[in-house]
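> Let me begin by handing over the structure; questions about it come next.
The values are calculated or read from the model by the stated rules, or taken from the named source; none is laboratory data. It should be emphasised that the depicted structure is a prediction, and the values quoted were computed from it without experimental measurement. FYI the Cβ positions are ideal-geometry reconstructions off the backbone, even for glycines, and counts take in every protein chain you see.
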Amino acid sequence: MTAQKWPALRVESGQATAVKDNVVVEEAIKLYLNDELVTELVATPTNLEELGVGFVVDEALAKDIQSVRSSSGVVAVYARSARKRPWKLQSSGGMGTLSDLPKVSSNITLTPDNVLSVIRETTSELWTRTGAVHCSVLFLEDELLVKRDDIGRHNTIDKVVGFAILNEIDLSRCIIGCTGRQPAGMVYKVANAGVPVIVSKAAPTYNGILTATDTGITLICFARGDRFTVYANPQRIRNLSGEAAIGPLTCASP
């Protein structure tokens with residue numbers, strides 16, 4: 001169950017009306033890697049095997065996934081060559097360390113129309129019903145592959161990456177679109193997955209931009225309507241006009 005009806009009072013201009021509103025349901029999920037408890041996640045209880053696999057890969061805990069199963073709020077992932085403790089909990093929600101950033105290599109390019117097509121897909125039926133979830137989408141070049149929502153923006157990234165891994169999709173040819181802001185921990189997840197482009201409706205942070213710059217990710221934020229802002233590695237976007245489209249971005253001190 002992802003949403004449940006709840007009795008409430010809707011007040012407009014001082015007038016109260018009894019309603020039954022849709023509210024999103026969340027659960028505590030225990031995640032194990034090779035039978036060792038990794039963390040407890042609060043998540044929308046759908047696509048939990050994708051969530052587990054994506055989390056393990058996105059946090060650089062393991063790459064070679066062997067199997068995954070989920071039951072009664074527990075997700076168990078099995079992988080070869082899993083990283084051992086200790087893991088450092090990031091304030092942005094991730095568990096990895098940003099001291100050893102991966103490098104993302106891809107020859108993918110996209111147009112402004114591609115960017116806007118990606119962001120238009122970042123709505124979901126559950127968001128329409130409740131207004132309480134984030135959404136991420138995964139495109140293989142210009143083809144929408146999957147859409148996942150969750151109360152946690154990090155979880156939506158893990159779910160779409162987990163889908164790709166379980167379906168043996170080449171993530172270096174993919175684009176992730178999402179509704180959440182982009183601090184370092186979010187960009188770090190995408191870099192570990194090897195996805196070269198992030199498109200977000202929301203804002204980046206300074207460290208999120210630095211992480212994208214250093215990992216080689218094209219970071220596009222404030223994608224709304226017919227506009228967007230490119231904060232890192234704009235060379236993947238073709239068909240741009242204007243003097244600002246010529247030459248690399250420069251980074252100013254905060």
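> Select, from Ala76, Ala28, Ala60, the only residue that is within 17 Å of Ile165 (Cα to Cα), touching a residue at least 40 places away in the same chain (Cβ under 8 Å) and assigned to a strand (DSSP E or B).
Going through Ala76, Ala28, Ala60 in turn, the sole match is Ala76.
> Given the residues Leu37, Leu48, which is the only one that is buried (at least 20 other Cβ atoms within 10 Å of the Cβ) and aliphatic (A, V, I, L, M)?
Leu48
Per-residue answers, yes or no, for (1) crowded, with 21+ Cβ neighbours inside 10 Å; (2) assigned to a helix (DSSP H, G or I); (3) modelled with pLDDT of 95 or more:
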{"position": "Phe139", "(1), (2), (3)": "yes, no, yes"}
{"position": "Leu144", "(1), (2), (3)": "no, no, yes"}
{"position": "Gly162", "(1), (2), (3)": "yes, yes, yes"}
{"position": "Glu168", "(1), (2), (3)": "no, no, yes"}
{"position": "Ser172", "(1), (2), (3)": "no, yes, yes"}
{"position": "Val190", "(1), (2), (3)": "yes, yes, yes"}
{"position": "Val199", "(1), (2), (3)": "yes, no, yes"}
{"position": "Thr213", "(1), (2), (3)": "no, yes, yes"}
